[in-house]
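Colleague: Here it is: the structure, laid out below.
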């Protein structure tokens, strides 16, 4: 079974705040805009200097999800989730330490990491899924998942060697295996917002 991350732009998956000191490391606005696309879509591997090292939340949450997104589409996981991903998808994904501070300046207790997922698979069955074109350009075949419909079908035969991935034709997507999800539940962390996909008929 496959689970699809619910990546709507509102809700607890998105934690508002600001990068601290990153403009000094990457002063060029166009460079930061290009990096934002990489954070969102995993277009290539990242170098350590291309990832912020400090993020200050606008609120003092009582808890954070095991996976959440922040400014410019950067994706964050807490250490127990990072450890599971590294164990199950050894050396497939990139992780960069990032300090998370609450609004009052106190650091978040559990270490966090920015994650860059560049691994892709092509498992979504379009004609059995709620999907649509990502852009209006007729020459661009990219699509997006309509998250609020929670209706995605995948071909599991294309997913035998991966536990966390993006769909090749869906640049804004993120999916995980049921094995990874079950292992994550055992950590006691808040689960990321996900919905269950169906297997191809």
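Colleague: Set the Förster radius R0 to 22 Å, insert the Cβ-Cβ distance between residue 191 and residue 90 as r into 1/(1 + (r/R0)^6), and round the FRET efficiency to 0.05.
Modeller: Once the sixth-power term is evaluated, E becomes 0.45.
Colleague: Could you work out the helix-only [θ] at 222 nm for the chain, with each DSSP H run of four or more residues adding -39,500 (n - 2.57) and the total divided by the number of residues, to the nearest 500 deg cm²/dmol?
Modeller: Helices in the chain give a 222 nm mean residue ellipticity of -5000 deg cm²/dmol.
Colleague: What is the range 10-116 by shape, rounded, prolate or oblate, if you read a ≥ b ≥ c off the alpha carbon gyration tensor as root eigenvalues and call it rounded for a/c under 1.5, prolate for a/b larger than b/c, and oblate otherwise?
Modeller: Oblate.
Colleague: If you take the beta carbon distance between residue 200 and residue 24 as r and set R0 to 35 Å, what does 1/(1 + (r/R0)^6) give as a FRET efficiency, to the nearest 0.05?
Modeller: 0.10
Colleague: Using the beta-carbon distance between residue 158 and residue 36 and R0 = 25 Å, what value does 1/(1 + (r/R0)^6) give for FRET efficiency, to the nearest 0.05?
Modeller: My answer for the efficiency is 0.30.
Colleague: Output the 0 to 90 degree angle, nearest 10, between the alpha-carbon long axis of helix 29-41 and the longest principal axis computed from the alpha carbons of the chain.
Modeller: Relative to the chain, helix 29-41 is tipped by roughly 40 degrees.
Colleague: Going by a ≥ b ≥ c, the root eigenvalues of the Cα gyration tensor, does the range 120-199 fall in the rounded group (a/c under 1.5), the prolate group (a/b larger than b/c) or the oblate group?
Modeller: Cα axes put the range 120-199 in the prolate bin.
Colleague: For residue 134 and residue 104, compute 0.36 nm times the residue count separating them, minus their Cα-Cα distance, and round to one decimal in nm.
Modeller: So the chain would gain 7.0 nm between residue 134 and residue 104.
Colleague: How tilted is helix 79-88 with respect to the longest principal axis of the chain? Cα atoms for both, answer in degrees (0 to 90, nearest 10).
Modeller: Approximately 40 degrees, to the nearest 10.
Colleague: With a 10 Å Cβ neighbour count serving as the proxy for reagent exposure, in which order, fewest first, do 173, 53 appear?
Modeller: 53, 173
Colleague: Defining a contact as two alpha carbons under 8 Å apart and six or more residues distant in sequence, what relative contact order in percent does the chain show?
Modeller: About 29 percent, as a whole number.
Colleague: Which of the following values of Cα Rg over 2.2 N^0.38 Å was calculated from the structure shown: (i) 1.18; (ii) 1.02; (iii) 1.33?
Modeller: Among (i) 1.18; (ii) 1.02; (iii) 1.33, the one calculated here is (ii).
Colleague: If you don't mind, there's one more thing I want to ask. Bins of 10 Å, beginning at zero and ending with the bin holding the largest distance: percent of Cα pairs per bin for the range 73-181, please.
Modeller: 13, 37, 31, 16, 3
Colleague: May I have the extent of the alpha carbons of the range 89-151 along their three principal axes, as whole Å values ordered from largest to smallest?
Modeller: Largest first, the range 89-151 extends 47, 31, 24 Å along its Cα principal axes.
Where a number appears in this text, it was derived from the coordinates with a stated rule and is not lab data. Given the structure is predicted, the values throughout are model-derived calculations rather than measurements. Here Cβ is always computed from backbone atoms with ideal geometry, including for glycine, and neighbour counts include all displayed protein chains.
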